[in-house]
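Trainee: To start, I am sharing the structure in question, which I have written as structure tokens.
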Amino acid sequence: PKATRTIDIEDFVALDEIDPIYYQHSYYLVPDRGGAKPYALLLETMKRLGKVAIARVVLRTKQYLCALRPMDKALMLSTMLYADEVVAPSVLEGLPAPSTKPRERELQMAEQLVRSLVTDFDPKKYHDDYRERVLELVARKSEGEEIVSTAEKPEPARVIDLMQALKESLKASGKEPTPHAAPKRRAPAHKPRARRAHRKSA
């Protein structure tokens, strides 16, 4: 595609209509010389209407679909994937079968755990632990400390007891599982046959 210095807006949509799976990279936009007034007009208009612009832009040698949205006092451009570049979940193999639907008791405990962890999103709360460890090692190395790396053996995946894992997670979060009365069941008319139970890893 021919490289241009323009971003061609095609539509305006609501931000919550765009699934995050379509986003790629984000860039801040600043007005070119003489473009401050129209830049501010577009920014304020999108703020008032609560809309984002869907546009096309050429970066290097590729044409991108992009979303243009207000971000405080600036406009942000996020490049996006086209629909045919996104894999549909319907083509995936190995997804859980309908027979693996969780039991009501499991759902109640899982919902209780999620509610106990609900909070407001604060991006400053999350850190790149790996990068911080690398920088710490670099600092120690620059001070003359000898750094010895030991390879860790990968641990095999283990099958977990879902209910027990939920109970432990709730306990660790300071929330004890809420007891629920078990439904009454009628005695079977015949003695059930014993069947061997098989566990499958998730």
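Trainee: Condition first: open to solvent by less than 90 Å² (accessible area, probe 1.4 Å) and either in a helix (DSSP H, G or I) or out of contact with any helix residue (DSSP H, G or I) (no Cβ under 7 Å at 6 or more places or on another chain) (or both). Now tell me which residues in region 136-151 satisfy that.
Mentor: Hits for region 136-151 are Leu137, Val138, Ala139, Arg140, Gly144, Glu145.
Trainee: Kindly indicate the residue of region 25-36 that is within 25 Å of Tyr82 (Cα to Cα) and open to solvent by less than 80 Å² (accessible area, probe 1.4 Å) and also farthest from the chain's Cα centre (by Cα) among those meeting that condition.
Mentor: Filtering first and then ranking leaves Leu29.
Trainee: What are the residue pairs meeting all of these: first residue in region 12-23, first residue assigned to a strand (DSSP E or B), second residue surrounded by 10 or more Cβ atoms within 10 Å (Cβ to Cβ) and not aliphatic (A, V, I, L, M), Cβ atoms under 6 Å, and 6 or more apart or on different chains?
Mentor: Going by the 6 Å Cβ cut-off, the qualifying pairs are Phe12/Lys51; Tyr23/Ser78.
Trainee: Go over the candidates Ala157, Ala181, Ala197, Ala187 one by one and state the one that is modelled with pLDDT under 70, surrounded by fewer than 10 Cβ atoms within 10 Å (Cβ to Cβ) and within 26 Å of the chain's Cα centre (by Cα).
Mentor: Going through Ala157, Ala181, Ala197, Ala187 in turn, just one is modelled with pLDDT under 70, surrounded by fewer than 10 Cβ atoms within 10 Å (Cβ to Cβ) and within 26 Å of the chain's Cα centre (by Cα): Ala157.
Trainee: Given (1) within 21 Å of the chain's Cα centre (by Cα); (2) at pLDDT 95 or above, where does Ala53 come up short, assuming only one miss?
Mentor: (1)
The values are calculated or read from the model by the stated rules, or taken from the named source; none is laboratory data. These numbers were taken from a predicted model, which means no experiment stands behind them. Don't worry about glycine lacking a Cβ; one is built from the backbone with ideal geometry, like all the others, and counts go over all protein chains shown. Heavy atoms of the whole protein, side chains included, go into the accessibility calculation; ligands, DNA and RNA do not. Shrake-Rupley method; radii C 1.70, N 1.55, O 1.52, S 1.80 Å.
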